[in-house]
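Enquirer: Sharing a structure, written as structure tokens. Questions coming.
The values are calculated or read from the model by the stated rules, or taken from the named source; none is laboratory data. A quick note: this is a predicted structure, and the numbers were derived from the prediction, not measured. Using ideal geometry, Cβ is built from the backbone for each residue, glycine included, and neighbour counts are taken over all protein chains shown.
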Amino acid sequence: MSDENSTPKQQEPPRLPATGTLLVDAQDRVGEFRGVMGSRWALRPVRGGVEWEVEPEEVRPATPEQRLRYATARKNARSRGDVL
């Protein structure tokens, strides 16, 4: 027997991360959170480049290993003089 008067549980929107937080999208791309664009979030490659948009529900925080890997890549890029 179902309760016809019950309302479906609404999922709370994901919490807004701090700018620069490393996130992984559904395609396993790692990017820095840059901000909100409408209902979507903007991520930017760690080494610089074109931002892309993702649905907030389709991202997860980067693992400690991924954060270390990308911190190292960023430092290496800066040491080469790459523009980030």
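Enquirer: Only one residue in Val46, Val59 is modelled with pLDDT of 95 or more and out of contact with any His (no Cβ under 9 Å at 6 or more places or on another chain). Which one?
Expert: Numbers: Val46 fails: modelled with pLDDT of 95 or more.
When all the criteria are applied, what remains is Val59.
Enquirer: Of all residues in region 5-34 being at pLDDT 90 or above, of a type in the set (S, T, N, Q) and surrounded by fewer than 15 Cβ atoms within 10 Å (Cβ to Cβ), which is nearest to the chain's Cα centre (by Cα)?
Expert: Restricting attention to region 5-34, the residues satisfying the condition of being at pLDDT 90 or above are 16-34.
Adding the requirement that they be of a type in the set (S, T, N, Q) leaves 19, 21, 27.
After this cut, where a residue has to be surrounded by fewer than 15 Cβ atoms within 10 Å (Cβ to Cβ) as well, the list is 19, 27.
Numbers: Thr19: 10, Gln27: 11 Å.
Restricting to residues being at pLDDT 90 or above, of a type in the set (S, T, N, Q) and surrounded by fewer than 15 Cβ atoms within 10 Å (Cβ to Cβ), the top hit is Thr19.
One line per residue, one yes/no per condition, for (1) crowded, with 16+ Cβ neighbours inside 10 Å; (2) in contact with a helix residue (DSSP H, G or I) (Cβ under 8 Å, 6 or more places away or on another chain):
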position	(1), (2)
Val36	no, no
Pro45	yes, no
Gly48	no, yes
Ala71	no, no
Asn76	no, no
Asp82	no, no
